[in-house]
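Before any comments, here is the structure.
The values are calculated or read from the model by the stated rules, or taken from the named source; none is laboratory data. Every value quoted in this text rests on a predicted model; they were computed, and no experiment measured them. All Cβ positions, glycine included, derive from the backbone under ideal geometry; neighbour counts span all protein chains shown. The protein model used for the area step is the full one, side chains on, heavy atoms only, and it has no ligands, DNA or RNA in it. Shrake-Rupley method; radii C 1.70, N 1.55, O 1.52, S 1.80 Å.
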Amino acid sequence: MPAGFGEICQLGYVVPDLDAAVDHWARVFGVGPFFVSSRVPYAQVHYKGAPSDVEISVALASHRGMQIEIIQQVAGGPSMFSAFVDRTGGGLHHVCSLTDDLEADVAAWQARGVGVLMGGTTTAGVPFAYLDTDPMDQGRVLELVQPSPGLKRFFDKIDAAGAEWDGKTARIDLG
């Protein structure tokens, strides 16, 4: 196994309708509450090596410690999200693993011939990279994230909310 691939902490679904997906996960699977951000603020993003203006909405929930992420592209040009939905109609797109050193892990993957499909940094300074581990675009992309202390606290909050969820409030809007 190459360096930089730790425990999978998240399943990432890319969908054409975030609200319908959140409703489905809550109603059918009993997963919630989802913390929903109508826009993920990026400092910079690149897709296939070129700058990207992609804008996404994201919903996050936890089921027994496994984070469920739902992504809908809501604006911007081409991205791996729009390409996936256009080709498949949506579904499981990636798995996520946290890393202490994104740069070193990406270099280790690149040494094995696997580059970065899409990556960047959030405005909170959190670097991420979606590796080009799935040239057939079949839901096997590996995302690596180097979390900040604030992001780790947010993930802990999501885990706690999932463990205590009463099944009533499917979503918590963050703006």
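Miscellaneous remarks
- The one condition in (1) under 21 Å from Gly6 (Cα atoms); (2) open to solvent by less than 40 Å² (accessible area, probe 1.4 Å); (3) hydrophobic (A, V, I, L, M, F, W, C) that Val85 fails to fulfil: (1)
- Filter result for Asp105 (within 23 Å of Pro16 (Cβ to Cβ) and not hydroxyl-bearing (Ser, Thr, Tyr)): no
- Near pairs, Cβ below 8 angstrom, 6+ apart or cross-chain, from segment 84-95 (of a type in the set (Asp, Glu) and part of a strand (DSSP E or B)) to any residue that is surrounded by fewer than 15 Cβ atoms within 10 Å (Cβ to Cβ) and modelled with pLDDT under 95: none
- Qualifying residue in segment 163-175 (condition: open to solvent by 40 Å² or more (accessible area, probe 1.4 Å), of a type outside the set (S, T, N, Q), part of a helix (DSSP H, G or I) and at pLDDT 95 or above): yes
- Residue tally, condition small (Gly, Ala, Ser) and not in a helix (DSSP H, G or I), over segment 96-113: 2
- Subset of segment 1-40 [among the hydrophobic types (A, V, I, L, M, F, W, C), more than 11 Å from Ile68 (Cα to Cα) and touching a Leu at 6+ places or on another chain (Cβ under 8 Å)]: Phe5, Val36
- Summed over segment 128-144, the residues that are surrounded by fewer than 20 Cβ atoms within 10 Å (Cβ to Cβ) and within 16 Å of the chain's Cα centre (by Cα) give a count of 7.
- Ala59 being of a type in the set (Gly, Ala, Ser), touching a Pro at 6+ places or on another chain (Cβ under 9 Å), within 20 Å of Glu164 (Cα to Cα) and outside any loop (DSSP other than H, G, I, E, B): no
- Annotation: Ala104 fulfils all but one of (1) open to solvent by less than 30 Å² (accessible area, probe 1.4 Å); (2) over 29 Å from Gly32 (Cβ atoms); (3) in contact (Cβ under 8 Å) with a residue 40 or more places away in the chain; the unmet one is (1).
- Qualifying position, being more than 23 Å from Pro135 (Cβ to Cβ), surrounded by fewer than 20 Cβ atoms within 10 Å (Cβ to Cβ) and out of contact with any helix residue (DSSP H, G or I) (no Cβ under 6 Å at 6 or more places or on another chain), among Pro41, Pro51: Pro41
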